[in-house]
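The values are calculated or read from the model by the stated rules, or taken from the named source; none is laboratory data. Predicted model, so just to flag it, every value in this text is computed and none were measured. With ideal geometry, Cβ positions are generated from the backbone for all residues, glycine too; neighbour counts draw on all protein chains shown. Keep in mind that these areas ignore ligands, DNA and RNA; they rest on the heavy atoms of the full protein, side chains included. Shrake-Rupley method; radii C 1.70, N 1.55, O 1.52, S 1.80 Å.
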Amino acid sequence: VVLELLSLNYSETLSAAAGWSMEEAKEQTIESGNYVLVYEGAVLEGWGGQALRVADKPGTEHLIEAAKNAKTVVALGSCGSQLNGGWMGAHPNSSDALGVEQFLKKSGIEVPVVNIPGCPANPEWLVSVLVDVIMLDSKQLKLTSDNKPEGIFGQTIHDNCERRGHFENG
């Protein structure tokens with residue numbers, strides 16, 4: 001999957017490139033469109049978006065810029081997939097955190113959003129969603145009412161728990 005289906009053009013953590021060459025790769029990807037944007041964590045609107053700065057710009061500007069031409073946005077992690085920004089949005093945190101889907105709606109960006117909660121999010125769930133998005137049209141994805149993948153979250157957490165066998169065995 002990783003070597004033949006996915007092309008990781010930009011990742012601050014995993015890219016071999018750095019600095020201007022990585023920013024150039026990001027710009028080229030955004031310009032070409034039809035990509036999947038994976039945004040991990042809450043969106044921090046605090047202090048005019050200055051609560052998170054990347055490459056000398058507010059993180060909110062980066063998200064708006066990257067989401068406009070995306071085929072699908074995957075909100076990864078509990079903070080990014082919840083309405084209130086998870087623990088990042090808890091009082092008295094002044095970062096004004098909110099979930100990715102809520103931020104994009106507020107910013108007038110209409111792009112399909114798939115929410116994958118978890119802290120940390122299960123990497124198998126992310127790969128499953130990425131393969132579905134790549135192989136299917138985003139509009140064909142089966143999602144729950146809160147835009148989580150139905151195949152993963154269509155049942156209770158207990159039913160899907162990878163440790164359920166231990167529970168069943170006492």
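Which numbered condition in (1) touching a helix residue (DSSP H, G or I) at 6+ places or on another chain (Cβ under 8 Å); (2) exposed (fewer than 10 other Cβ atoms within 10 Å of the Cβ) is the only one that Asp159 fails?
(1)
Going through Pro112, Pro120 one at a time, which residue ends up being touching a Lys or Arg at 6+ places or on another chain (Cβ under 8 Å), open to solvent by 20 Å² or more (accessible area, probe 1.4 Å), touching a residue at least 24 places away in the same chain (Cβ under 8 Å) and on the phi < 0 side of the Ramachandran plot? I'd like the intermediate steps shown before the answer.
Numbers: Pro120 fails: touching a Lys or Arg at 6+ places or on another chain (Cβ under 8 Å).
None of the others qualify; the one that does is Pro112.
Pairs please, first residue from region 39-58 and at pLDDT below 95, second anywhere and hydroxyl-bearing (Ser, Thr, Tyr) and open to solvent by 50 Å² or more (accessible area, probe 1.4 Å), Cβ atoms under 7 Å, 6+ apart in sequence or on different chains.
These pairs meet every condition: Gly46/Ser94.
Quick one: in region 133-151, of everything that is modelled with pLDDT under 90 and part of a helix (DSSP H, G or I), which residue is most open to solvent (accessible area, probe 1.4 Å)?
Residues of region 133-151 modelled with pLDDT under 90: 133-141, 151.
Then keep just the ones that are part of a helix (DSSP H, G or I); that gives 133-135, 138-140, 151.
Values: Val133: 0, Ile134: 62, Met135: 128, Ser138: 13, Lys139: 173, Gln140: 114, Gly151: 78 Å².
So, considering only residues that are modelled with pLDDT under 90 and part of a helix (DSSP H, G or I), the one most open to solvent (accessible area, probe 1.4 Å) is Lys139.
Determine whether region 117-131 contains at least one residue that is small (Gly, Ala, Ser) and over 18 Å from Gln82 (Cα atoms).
Yes.
Look at Glu40 and say whether it is open to solvent by less than 30 Å² (accessible area, probe 1.4 Å), of a type in the set (Asp, Glu), within 10 Å of the chain's Cα centre (by Cα) and within 27 Å of Met135 (Cα to Cα).
Criteria not met by Glu40.
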